[in-house]
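To start, the structure under review is shown below, and the notes come after it.
The values are calculated or read from the model by the stated rules, or taken from the named source; none is laboratory data. Computed from a prediction, not measured in an experiment: that's the story for all the values here. Reconstructed Cβ throughout: ideal geometry from the backbone, glycine too, with neighbour counts over all protein chains shown. With ligands, DNA and RNA removed, areas are computed over all heavy atoms of the protein, side chains included. Shrake-Rupley method; radii C 1.70, N 1.55, O 1.52, S 1.80 Å.
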Amino acid sequence: MPEAAVIEPVNGYISQVFSPEQREKTVLAMLGVAGEVAVNPERSEEARRPLSQAKTRLTRLREAIEAVADPGALIEPLNRAKEERDAAEEDLARAPAEESIGRAELEAMVDAFGELGRQVGNASPGRLQELYGEIGLEMVYNAKERTVDVTIRPPRRVNAGVRGGT
């Protein structure tokens, strides 16, 4: 599929979705997505608790091995505690970050992307690549289906400003 067949519709979408007229709708849509990944700090603490308990158990078992003449009796509990620790570390690594995106931050992001959206239509190929990077745009072509999946994953902090002539 030629790149030109994708660029115009993608740029049109970016210009539309980040336009001042669509600002509220875009912010609400992004809040819906952010709500799915925002984490309650109590939930995060629940994810850390099993790891802390497994580490405590491992420490006690190691101390018991040092104090007991027959450490062989503690090998099975020690292995089980290591498995629990590893599982808890894996669960914690998969848990989302403890940050949530607030409405004000999303509004600022959409406002910054509004300027970028106005630039995509007239940007040179090099500048277009920079703009896509700034909004976290990814395009994946599926040759079998002859489709392009387009995803925008905005960075948490947007440092976009007005560029170009004054």
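Structure values in brief
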read-out	value
Among (1) more than 30 Å from Glu138 (Cα to Cα); (2) surrounded by 14 or more Cβ atoms within 10 Å (Cβ to Cβ); (3) among the hydrophobic types (A, V, I, L, M, F, W, C); (4) at pLDDT below 75 - the single one Ala38 does not satisfy	(1)
Selection from the range 113-136 of residues that are open to solvent by 90 Å² or more (accessible area, probe 1.4 Å) and either in contact with an Asp or Glu (Cβ under 8 Å, 6 or more places away or on another chain) or without any contact (Cβ under 8 Å) to a residue 40 or more places away in the chain (or both)	Asn122, Pro125, Gln129, Glu130
Single residue of the range 137-148 satisfying the filter (over 13 Å from Glu3 (Cα atoms) and modelled with pLDDT of 85 or more) that is surrounded by the fewest Cβ atoms within 10 Å (Cβ to Cβ)	Lys144
Of residues in the range 1-24 being in contact with a Ser or Thr (Cβ under 9 Å, 6 or more places away or on another chain) and of a type in the set (A, V, I, L, M), the one nearest to Lys144 (Cα to Cα)	Met1
